[in-house]
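Notes for the one structure printed next.
The values are calculated or read from the model by the stated rules, or taken from the named source; none is laboratory data. On a predicted model such as this, the values are computed, not experimentally measured, just so you know. When we count neighbours, we look across all protein chains shown, and the Cβ atoms used for this are built from the backbone with ideal geometry, even at glycine. What goes into the accessible areas is simple: the full protein's heavy atoms, side chains included, and nothing from ligands, DNA or RNA. Shrake-Rupley method; radii C 1.70, N 1.55, O 1.52, S 1.80 Å.
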Amino acid sequence: MPGVGRNEPCPCGSGKKFKKCCGARPFAEIKPEASTKKRQVDAILTYLSKQHREAIEDAYEVFFEEFDPEEHLDGGLQNMAMINFWDWVVSDALADYDDPDNRTTLLDLYIEDNREQLTGDDLSVLGKLRNSYLSLYEVAEVYPEEGLFFEDLLLGGSFSVRERTATRYLNKWDIIAVRLLEIDGEWAMSGSIYSYHRHRKAKLIQEFKSDYELLKGDYPDFTMRDSLKENGDLFMYHWYEPLLYPEPPQLATSSGEQVLISKARFDVNDKDAVIAALTAIDGFEREDESFVWLGETEHMNGLVLLGQVVFEGDRLVLETNSKERLEKGKALISEHAAGLVMHKADEFQDILQALENQKPGARAAKDDADDIPPEMRQQIYEQFMQGYYENWLNDRIPMLDGKTPLEAVRTEDGKHGVIETLKSIENSELRNKKQGQPHVDIAWLWERLGLERPEV
């Protein structure tokens, strides 16, 4: 690479010196099987476009169904969708979707029609394509400019993957679907990639397991791997589903009510008398000069968090996560503190808006934020988030059955919930870092909770 000194930073952005990075190896190293794969994929696509155009059109309908990439996607995403399509066509697409008993693939037709011209190396690589499948993975580690470590969420197993480009946009704990091929003795991505939001992880796993059980009913000898090979187009469906059918999350409390941040404000005549009155309410537990409201619901075992009461100057504020709980809490307070408080107003806020407003700096004008030097923004963010996460450790979290993270880790189910939450937090902070935004390292949160941070 001309113009770059051996001791200067490498232009690829790895942070290493040039002599210890791209200068230490050929910039574009093509190995034998990788070269064969590229040549054969090009040959397959040329063959299919000439000999099986109608089958390609049928495959397009199966892969995208009612989703139109040109209508819903722009630029890079549209290109990525088509890369995913052609990767699926080459390895998985059937030759005849009108005949449910015919499992011959387009790749099978290519091999059959061109066998005399194919070498042993060609057939070896084509065999790997034929046996390959898409699966769902969690990114367990990212090694910048080198590769990634994947955990297969459907079949189990771990894979150290040779890949440079993907390390620039994938983050630890991302949920993706890819096709892995063992090429030249190393695991590599075939080129397709489907990215999913982390909150869909459990649902996606369940969806593919359910698809497998249905398929197994018709084909008892099928394995999960067979199901993934058969249903590879479903990865595309699950990718575009949120785009085609956008729906706000339907969150519900453990009582089955719609989640809505609800607040009731009361004027207070005698604070000490009000505290004494609230202490007498069954389920109201005092914490200094505030209260947590605990109770039972029909859908949960044991006590759950129903709301909390805090004093703001000469006012009392009851906060719950549903209108129904707010009305019940207002009635309890009005009954036990009659003559001591006067209801003034109720406030309601959608959960998504509440989360948006809780983001650090969400209420500050963007123009003001842009005037702050990056180093200062990073320092401010770190200081704010340190306090934010310190408080979070002792907050009662609805997703943890009303327990605090420190309480939840005492049980296996609670520990699993906390780990998944920490992965999501860490994933978000790593995205901020990769985008050049303020970010924090939350390794200390794992330690504080007594959890082993997953490392590779």
Here are Asn131, Asn114: which of them is surrounded by fewer than 15 Cβ atoms within 10 Å (Cβ to Cβ) and either within 20 Å of the chain's Cα centre (by Cα) or modelled with pLDDT of 95 or more (or both)? Asn131
Sole exception among (1) open to solvent by 40 Å² or more (accessible area, probe 1.4 Å); (2) out of contact with any Ser or Thr (no Cβ under 8 Å at 6 or more places or on another chain); (3) in contact (Cβ under 8 Å) with a residue 60 or more places away in the chain for Arg396, by number: (2)
Looking at region 382-406 only, could you name the residues that are farther than 15 Å from Leu422 by Cα and acidic (Asp, Glu)? Glu382, Asp401
Is it the case that some residue within region 415-431 is of a type in the set (Gly, Ala, Ser), crowded, with 16+ Cβ neighbours inside 10 Å and farther than 21 Å from Ala140 by Cα? no
For residues that are touching a residue at least 60 places away in the same chain (Cβ under 8 Å) and touching a Phe, Trp or Tyr at 6+ places or on another chain (Cβ under 9 Å), scanning just region 81-92, find the one that is farthest from Ser49 (Cα to Cα). Ala81
Determine if region 5-15 includes at least one residue that is open to solvent by less than 50 Å² (accessible area, probe 1.4 Å), at pLDDT 60 or above and in a loop (DSSP other than H, G, I, E, B). yes
Name the one entry in Asp74, Asp68, Asp87 that is touching a Gly at 6+ places or on another chain (Cβ under 9 Å), open to solvent by 10 Å² or more (accessible area, probe 1.4 Å) and either of a type in the set (S, T, N, Q) or closer than 21 Å to Leu243 by Cβ (or both). Asp87
Inside region 154-256, counting only strands (runs of 3 or more DSSP E) that do not spill past its ends, which hold 1 or more residues that are under 15 Å from the mean Cα position of the chain (by Cα), surrounded by fewer than 16 Cβ atoms within 10 Å (Cβ to Cβ) and polar (S, T, N, Q)? 186-196
I want to confirm something. Restricting to region 427-452 and keeping residues that are among the hydrophobic types (A, V, I, L, M, F, W, C) and in a helix (DSSP H, G or I), which single residue is farthest from Gly417 (Cα to Cα)? Leu430
So the check is Cβ under 8 Å with 6+ separation or different chains; which pairs have a first residue in region 189-216 that's more than 20 Å from Gln78 (Cβ to Cβ) and a second one that's among the small types (Gly, Ala, Ser) and open to solvent by 30 Å² or more (accessible area, probe 1.4 Å)? Arg198/Ser424; His199/Ser424
